[in-house]
Amino acid sequence: MPPATPPAARTDPAHEAVIALPAEVRWVPAARRCIVAVLTQWRFPSADRESAELIVGELAANAAEHGRHDMTVRLSLHKGVLWISVTDSGVPARPRRPRDADPDEHGRGLSIVELLALEVRVHQGPLGRRVDVALPPVITEP
């Protein structure tokens, strides 16, 4: 399958939603609930909603863990492909804690996202990071 259209090149999405929250672990469940509500309103198939919820949860948790000031979750449906972008921005709120050496507890989030996604792109800038994820085209039943 050819690469999905990158988020910057998209025009006129069929649906779009943006959620801005503090980049704190306690807000991760709120981000998940919000995107489920949005995708339910868009009549997204439940299996695809579950994948999107998992992806947002992993990316929002990463944004919170790495200490940025705030995070933005953007959903965009374009030509059947759901793009999920999570951006953490601002200077780090606190110094990074050393990573736990236990691989069962940390470090698998992006790998899980990559398994579910059609495409994953990570953009690191001086004031934050944006991760763009494309979910495979939505197949609607007749």
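Bear in mind these aren't lab numbers, they're just calculated from the coordinates by the rules spelled out. Quantities reported herein were computed from a predicted structural model and do not represent experimental measurements. We place every Cβ from the backbone using ideal geometry, glycine too, and count neighbours over all the protein chains shown.
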Once phi is turned into θ = phi - 60°, what whole-Hz ³J(HN,Hα) does the Karplus curve with 6.51, -1.76 and 1.60 give for every residue of the stretch 27-41, x standing for Gly and Pro? 9, 4, x, 5, 4, 4, 4, 5, 5, 5, 4, 5, 5, 5, 4
With R₀ set to 35 angstrom, the calculated FRET efficiency between the beta-carbons of Ala47 and Val122, to the nearest 0.05, is 0.85
